[in-house]
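Peer 1: Input: one structure, supplied below.
Where a number appears in this text, it was derived from the coordinates with a stated rule and is not lab data. Just so we're clear, the structure is a prediction, and the values are computed from it rather than from any experiment. Neighbour counts run over all protein chains shown; Cβ positions are idealised from the backbone, glycine included.
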Ligand code: WTA
């Protein structure tokens with residue numbers, strides 16, 4: 001069934017040029033066409049701008065698709081490229097990271113600031129690499145897990161691991177003990193880096209306590225390094241746990257560790273992300289291809305220059321922070337802001353005060369944040385001078401034209417380039433975006449723009465044919481690109497099944513998209529059961545399995561429903577076991593179970609008790625049908641959605657379900 005999409009807006013806007021090169025849409029298309037015709041040659045020329053210890057023999061090994069390998073035979077090191085290379089130039093004393101802590105004094109002024117130059121960062125990373133190597137004996141091929149809040153030690157440990165060729169997996173500090181344990185176990189991490197606690201909205205989160213709980217179930221971890229952040233007393237297990245500051249006292253100030261010569265296709269990190277079914281997938285990223293894509297997008301998308309003050313508001317626990325706080329900006333020798341806490345703490349203008357305080361020029365944030373700021377009102381923004389901002393992008397979810405217009409006007413003075421960059425954990429870096437650093441085409445509020453050079457993206461219908469203009473279809477990427485995953489860790493079959501089977505030969509992103517008359521892409525949201533809460537990716541499976549762990553619950557379904565600020569919020573539908581009756585207390589208890597099992601980011605926005613859930617004959621819960629019922633939208637395409645089930649059966653289940661819903665409100 002074809003769905004024609006009413007595009008929200010088609011106003012073209014022309015940002016003011018600031019050294020950017022303006023081209024027509026047609027010209028961009030021609031340039032783009034050339035770049036994808038010879039995408040190997042094109043990407044090789046980009047990769048040659050990095051410094052390689054050894055040049056590659058082959059640009060792309062495509063002998064075993066979809067397990068592509070980029071720049072085979074090439075050798076490099078991510079820590080060398082982000083640090084050593086700059087330290088040898090005038091950038092040695094250039095500021096790399098300006099970090100601001102969350103806590104404020106009684107006047108609301110930030111209490112803590114740390115400034116790290118490239119040389120400072122280089123020193124610290126070398127010392128930590130020395131510690132990991134000499135004290136813990138870590139070497140290339142080992143894996144460590146990092147569970148830290150947004151403090152400079154987070155990028156420092158990531159870069160130190162990279163220096164040794166040690167693979168790291170960062171676990172977002174808002175995840176629970178269970179989530180941490182499952183990630184440690186899957187990645188078989190030998191060492192865990194964590195903190196005593198974390199600041200969040202003025203409160204302390206007992207990170208070490210959560211880590212200890214996780215470690216009860218995560219036997220691969222033999223050693224724990226604890227960074228003192230909040231200064232609370234924590235349990236230290238003798239022989240296993242050690243404080244970072246104490247360990248570092250034993251490391252020479254001028255420790256130097258030779259950067260490991262890693263192969264281009266050697267893994268840099270594993271990042272776990274939610275899928276449709278089953279446990280989170282360990283997306284494995286390579287080194288050479290990944291850094292090539294980051295180098296390209298930092299220049300093309302962010303137009304990064306030496307005098308910029310760049311700020312990406314993401315948390316490093318998610319891919320956006322990996323690529324566009326840690327590796328991307330540092331690769332380019334940029335100066336960036338790293339902020340520890342909530343953007344609206346202690347007052348709604350914290351984020352604008354940061355822009356003003358440091359003179360931020362490039363601002364990369366999420367639509368949820370923008371909608372939240374918008375709700376607080378214009379006054380908070382107008383209190384501050386944001387005139388340094390010259391470029392804005394958002395990421396993580398579609399941006400509605402209202403939010404776009406609001407930020408563009410208030411902070412972007414209705415003149416700066418402003419785009420919505422589409423990409424995902426799996427793609428490693430930005431794939432569809434405006435490229436103000438290269439060629440600027442007219443902008444449209446809400447659009448993602450066009451695929452970047454060297455990336456052949458398209459929108460296909462159910463049968464794999466190109467969707468018509470303005471017809472909703474599935475987003476695919478038709479050529480291998482640097483930055484693509486190596487595989488799903490320890491599950492290559494799943495990698496093939498999830499991404500490369502729906503449209504054989506093409507990477508299936510799992511998103512709905514449309515192309516408009518000009519060829520601009522509009523990514524509409526997930527076509528599967530992944531939920532995007534405030535731009536954070538959550539799988540229904542994780543939330544449902546958390547609910548089912550409660551003894552009262554027989555069956556559970558979780559769906560995402562639209563929310564004016566967060567984009568989507570999860571709600572749960574629960575069938576209780578015999579002997580249990582619905583109550584407010586039970587609802588609270590279930591809420592708590594989910595928080596415990598998944599983490600505070602996963603709070604459900606409501607739990608409904610029902611006696612039946614719409615399913616297919618084979619027993620699969622039809623979440624999309626539930627969503628249609630809840631949002632009172634067309635349930636239309638159930639026939640095409642599930643062929644195993646008879647429509648009548650579903651309709652009946654639906655009616656009962658509706659009646660139930662009405663009963664429970
Ligand atoms: C969504 C985040 C619309 C999309 C970098 C994708 C977007 C998922 C955009 C990946 C955007 C990301 N416009 N949707 N600009 N950016 N998405 O892995 O649904 O956390 O599949 O990576 O976010 O989420 P992930």
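Peer 1: For the chain, what is the percent of antiparallel DSSP beta bridges, rounded to the nearest 5? Please list the in-between numbers first.
Peer 2: On the way: 60 of 99 bridges.
In the chain, DSSP labels about 60 percent of beta bridges as antiparallel.
Peer 1: Let me ask another. When all C-alpha to C-alpha distances in the range 183-261 are sorted into bins of 5 Å, what percent of pairs does each bin hold, rounded to whole numbers?
Peer 2: Bin by bin from 0 Å, the calculated values are 3, 14, 22, 19, 18, 13, 8, 2, 0.
Peer 1: Quick one: compute a quarter of the convex hull surface over the Cα atoms of the range 1-146 and quote it in nm².
Peer 2: Averaging across all directions leaves 18.5 nm² for the Cα convex hull.
Peer 1: While we're looking at this one, here's another question. Extending each Cα 7 Å along its Cβ direction at residue 112 and residue 30, get the distance between those two points in nm, one decimal.
Peer 2: 5.5
Peer 1: Using Cα pairs closer than 8 Å and at least 6 residues apart in sequence, work out the relative contact order for the range 159-280, in percent. The partial results should precede the final answer.
Peer 2: Details: 155 pairs, mean separation 38.3, N = 122.
RCO, the range 159-280: 31 percent.
Peer 1: For the pair residue 631 and residue 245, how long in nm is the line joining their label points, each one 7 Å along Cα→Cβ?
Peer 2: The modelled label-to-label distance comes out at 4.9 nm.
Peer 1: Once you sort the root eigenvalues of the Cα gyration tensor of the range 265-395 as a ≥ b ≥ c, which label holds: rounded (a/c under 1.5), prolate (a/b larger than b/c) or oblate (the other case)? Each step should come with its number before you reach the end.
Peer 2: Values: a/c = 2.66, a/b = 1.45, b/c = 1.84.
In terms of gyration-tensor shape, oblate.
Peer 1: Which shape class applies to the chain: rounded if a/c is under 1.5, otherwise prolate when a/b exceeds b/c and oblate if not, where a ≥ b ≥ c are the square roots of the Cα gyration tensor eigenvalues? Don't jump to the answer; show the numbers that get you there.
Peer 2: Details: a/c = 1.40, a/b = 1.15, b/c = 1.21.
The shape class here is rounded.
Peer 1: Still on this structure, please answer the following. Using a cut-off of under 15 Å, list every residue of the range 112-153 whose amide N is near the label point 7 Å from the Cα of residue 254 along the Cα-to-beta-carbon line.
Peer 2: Backbone N within reach: 123-124, 127.
Peer 1: In whole Å, what are the extents of the range 254-338 along the principal axes defined by its C-alpha atoms, from largest to smallest?
Peer 2: Per principal axis, max minus min of the Cα coordinates gives 46, 32, 26 Å.
Peer 1: Over its Cα atoms, what ratio of radius of gyration to 2.2 N^0.38 Å does the range 352-435 give? Intermediate results must be reported in sequence, preceding the final value.
Peer 2: Numbers: Rg = 12.8 Å, N = 84, 2.2 N^0.38 = 11.8 Å.
Ratio of Rg to 2.2 N^0.38 Å for the range 352-435: 1.08.
Peer 1: If you don't mind, there's one more thing I want to ask. Taking square-rooted eigenvalues a ≥ b ≥ c of the alpha carbon gyration tensor, is the range 460-605 rounded, prolate or oblate, where a/c under 1.5 means rounded and, failing that, a/b exceeding b/c means prolate? Mind showing how you got there, number by number?
Peer 2: Details: a/c = 2.60, a/b = 1.91, b/c = 1.37.
In terms of gyration-tensor shape, prolate.
Peer 1: Now for a different question. In the range 246-290, which residues have a backbone nitrogen under 20 Å from the label point lying 7 Å from residue 54's Cα in the Cα-to-Cβ direction?
Peer 2: Hits in the range 246-290 for residue 54 at 20 Å: 258-268, 286-290.
Peer 1: Ok, one more. What percent do you get for the relative contact order of the range 67-206 when only Cα pairs under 8 Å and 6+ apart count?
Peer 2: Worked out over the range 67-206, it gives 23 percent.
Peer 1: Then there's this: Order of 105-118, 143-156 by packing, highest average Cβ count within 10 Å first?
Peer 2: Values: 105-118: 12.8, 143-156: 24.9.
In descending order of packing, they fall as 143-156, 105-118.
Peer 1: While we're here: Take every Cα-Cα distance within the range 362-516, group them into 5 Å bins from 0 onward, and report for each bin the whole-number percent of pairs it holds.
Peer 2: Going out from 0 Å in 5 Å bins, the range 362-516 shows 2, 8, 16, 19, 17, 13, 11, 7, 4, 2, 0 percent.
Peer 1: Can you tell me the length gained on complete extension of the stretch residue 201 to residue 516, counting 0.36 nm per residue apart and subtracting the Cα distance? If you can, show how the numbers build up before the last one.
Peer 2: On the way: separation 315, 0.36 × 315 = 113.40 nm, distance 4.16 nm.
Gain on stretching residue 201 to residue 516: 109.2 nm.
Peer 1: I need two numbers for the range 551-616: Rg to one decimal and Dmax as a whole number, Cα atoms only, in Å.
Peer 2: Cα-based Rg and Dmax for the range 551-616 come out at 12.3, 38 Å.
Peer 1: Give me the three principal axis extents of the range 441-486 from the C-alpha atoms, as integers in angstrom, largest value leading.
Peer 2: The principal-axis extents, from largest down, are 32, 31, 14 Å.
Peer 1: A follow-up question, please. Taking R0 as 60 Å, what's the FRET efficiency between residue 277 and residue 307 from their Cβ-Cβ distance, rounded to 0.05?
Peer 2: Numbers: r = 48 Å, r/R0 = 0.79.
So the FRET efficiency works out to roughly 0.80.
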